[in-house]
Amino acid sequence: MEKVVLAYSGGLDTSVAVRWISDNYSMDVITLTADLGQAGDMEATKRRALAVGAVDARTVDAKQMFVDHFVWPSLQASAKYEDAYYLATALGRPLISWLLVDLARETGAKAVAHGSTGKGNDQVRFDVSINTLEPSLRIIAPMREWNMNRDQEIDYAKKHDIAIPITPERPYSTDANLWGRSVEAGVLEDAWVEPPEDVYEWTSNPATAPKDPEYIEVEFEQGIPISIDSQLLDGVPLIQQLHEAGCRHGIGRSDHVENRLIGIKSREIYEMPAAEILHTAHYALETITLTREQMRFKKLVSAEYARMVYDGLWFSGLHRELAAYLEINQKNVTGTVRIKLWKGTCTAVGRKSPESLYQTELATYGADDTFDHNAALGFIKLHGLSQQTQARTQIAAGRELPRISRPGKGDSVQ
Ligand code: ARG
């Protein structure tokens, strides 16, 4: 029989998918569960896959690969989609696609499958990545193909003796890995409704978080975090430690109406404590190690990078080009930032670097000031020259306030 490798989470959808694929496609299903730090018992997931009919169930600890090759580059890139989302799910999909393709090659499977629906970004990320890595593979997306609602799915599970997870299913659609957690659907579909407290599974409510702040020092080398409070740590434990501190203080919650790639607006709740802390610290370090011009251009690159990741174009030439820029851009982003965590806020309160461009003798208003004040006069003269010329020649240009029109208030107000 032909084989298919299915990306398996252990939840109801992908468990039903195991049976549905064997019945509808007459294929042997091999499941692949990638551990990206989403928590959960990997051995139990494996047993469950076999119990629902998989012929083989594999698990891969991909946490370190995820951090080294996906999370850290996105941190160096300062990648944040629509100023709200550190891309946890979007970064995980190309890695899972990579692992699916690898296992398909190893087992001789002619197809791969995933549990994404037909309305989201994830189907695009999976399909585009898989098609790029191995065009000959057939892609099966049961949830995009079957016409079952949740109740029908549960009926199907009962009829086929597929155990329904005993954990109380919250009425939300969620996804998680060590970089963040997303929550959609249920009451959140009403964009006017405040998220009930039960959408947050990781972070404590800032209102009831500890009343005393906690300080953490994060050290970076070339844009990559290497230690916390002077203790050198590998990427995975470093993120886990910041995750716990962030969760205690209610850091990294966000409520955002997001523009999906396929044209839908979607209300998303995110919890991203470690990402929030590290992005805050990384940015603070860039403020002393990059020039004004570098920072301005980096912002453009960050937006492009975030979009590239969000849109599922990880295995693209554009990515290689942006990565080449970032490698040089991050060369001097080395140093330490002190972060204060307090009641949902994460603030950089100290920064230092051997590569620092912040020069106290230039910045100071004190006696040891070395800045040439006369040079400022000449600079101002030239900086304003073209604007002054314009105001003199094109009379009105320099002496009008911008006009603002307001409906029903006459033509305009000034
Ligand atoms: N909106 C986020 C994204 O597109 C999160 C998606 C979460 N996926 C899910 N299957 N619940 O990356």
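Side notes on the structure shown:
Yes/no per residue for (1) at pLDDT below 90; (2) under 27 Å from Gly92 (Cβ atoms):
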| site | (1), (2) |
| --- | --- |
| Ser316 | no, yes |
| Arg320 | no, yes |
| Asn332 | no, no |
| Leu357 | no, no |
| Thr364 | no, no |
| Ala375 | no, no |
| Glu400 | yes, no |
| Val413 | yes, no |
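- The set of residues from the range 310-331 being within 21 Å of Pro225 (Cα to Cα) and assigned to a helix (DSSP H, G or I) comprises Leu322, Ala323, Ala324, Tyr325, Leu326, Glu327, Ile328, Asn329.
- Counted as qualifying within the range 64-169 are the helices (runs of 4 or more DSSP H) with 3 or more residues that are within 16 Å of the ligand (Cβ to nearest atom) and buried (at least 19 other Cβ atoms within 10 Å of the Cβ), namely 88-107, 122-133.
- Some residue of the range 128-149 being within 19 Å of the chain's Cα centre (by Cα) and in the same structural domain as Met27 (by TED's automatic domain parsing): yes
- Residues of the range 355-407 satisfying the condition of being part of a loop (DSSP other than H, G, I, E, B) and over 28 Å from Leu285 (Cα atoms): Gly384, Gln394, Arg399, Glu400, Leu401, Pro402, Arg403, Ser405, Arg406, Pro407
- Count of residues meeting criterion [within 16 Å of the ligand (Cβ to nearest atom) and not β-branched (Val, Ile, Thr)] in the range 181-215: 12
The values are calculated or read from the model by the stated rules, or taken from the named source; none is laboratory data. None of these values were measured; they are calculated from a predicted model. As a convention, Cβ positions derive from the backbone with ideal geometry for all residues, glycine included, and neighbour counts pool all protein chains shown.
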